[in-house]
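See below for the structure under consideration.
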Amino acid sequence: MRALLDLILPLECGGCGDSGSGWCERCRRTLADDPVAVRPRVDPGVPVWALGPYAGPRRGAVIAAKERGRRDLAVPMGMALAGAVNTLRRWGELDPPELAPLWLVPAPTRARAARARGGDPVLRIASVVATATGRGSRVCPALSMGRGVRDSVGLSAAQRQDNLAGRVRVSDKVPDDFLRTRRSCPEVVLVDDVLTTGATAAESVRVLATAGVQVGAVLVLAYA
């Protein structure tokens, strides 16, 4: 039956477009590279790590997940970021799980964009990361965007900052134990798919700090 379905609806790799697999081994190896430190134009004030530039299978996967409804790609992207978390722990950039539980906060997205995509792709990716890293890792969709935020495509760094200023908020559905993180000292990591200017990351870190939550790092799939 599977072979018949493949003839009718052949699988296509979400990273490179090759047929035969939803995510090929070559793209998996590409995303498994060690994370690299990134210095965005808008500095969020915490370390920023990416799996590589917004090109090749990283770009292909993000576009397929956002624009073509490939929800299945949350798994390989999340697994790649989980591998980056483990690497950063090994390097001493993040605390090991026995010292600090891990909270993963998806970067905020516009509600309209999330509805158009059948849900928030970054939230799905973060959920995979939490499952893969285990040992107390949790996802908290703590941030939301208020009204008036425009699509950021084509905006400069300064325009992106103005676009987001005062419009990223801490959700009223955040669990109490997340807001008590300043006493329990967990590792809080902001997760996103693509980092361009750093404006979203910077505003997110600032808003969380105002709520008493200190972000330790930003982790993204790709930087543009």
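The values are calculated or read from the model by the stated rules, or taken from the named source; none is laboratory data. Predicted model only: the values in this text are computed from it and were never measured. When we count neighbours, we look across all protein chains shown, and the Cβ atoms used for this are built from the backbone with ideal geometry, even at glycine.
Structural remarks
- On the stretch given as the range 72-89, residues that are at pLDDT below 95 and polar (S, T, N, Q) total 0.
- Residues of the range 84-97 that turn out to be touching a helix residue (DSSP H, G or I) at 6+ places or on another chain (Cβ under 8 Å) and more than 16 Å from residue 127 (Cβ to Cβ), as a count: 5
- Test for residue 219: is it buried (at least 16 other Cβ atoms within 10 Å of the Cβ), under 18 Å from the mean Cα position of the chain (by Cα), modelled with pLDDT of 90 or more and not in a helix (DSSP H, G or I): yes
- Among the residues of the range 34-58, those that are among the aliphatic types (A, V, I, L, M) and under 14 Å from the mean Cα position of the chain (by Cα) comprise 48, 50, 51.
- All positions within the range 152-186 that are over 22 Å from residue 102 (Cβ atoms), of a type in the set (D, E, K, R), modelled with pLDDT of 70 or more and assigned to a helix (DSSP H, G or I): 160
- Of the residues making up the range 87-113, those that are of a type in the set (Gly, Ala, Ser) and more than 16 Å from residue 191 (Cα to Cα) are 92, 100, 111, 113.
- Where residue 137 falls short, out of the listed (1) surrounded by fewer than 18 Cβ atoms within 10 Å (Cβ to Cβ); (2) out of contact with any Gly (no Cβ under 8 Å at 6 or more places or on another chain); (3) modelled with pLDDT of 75 or more; (4) not β-branched (Val, Ile, Thr): (1)
- Qualifying residue in the range 7-26 (condition: out of contact with any Phe, Trp or Tyr (no Cβ under 6 Å at 6 or more places or on another chain), closer than 30 Å to residue 156 by Cβ and modelled with pLDDT under 90): no
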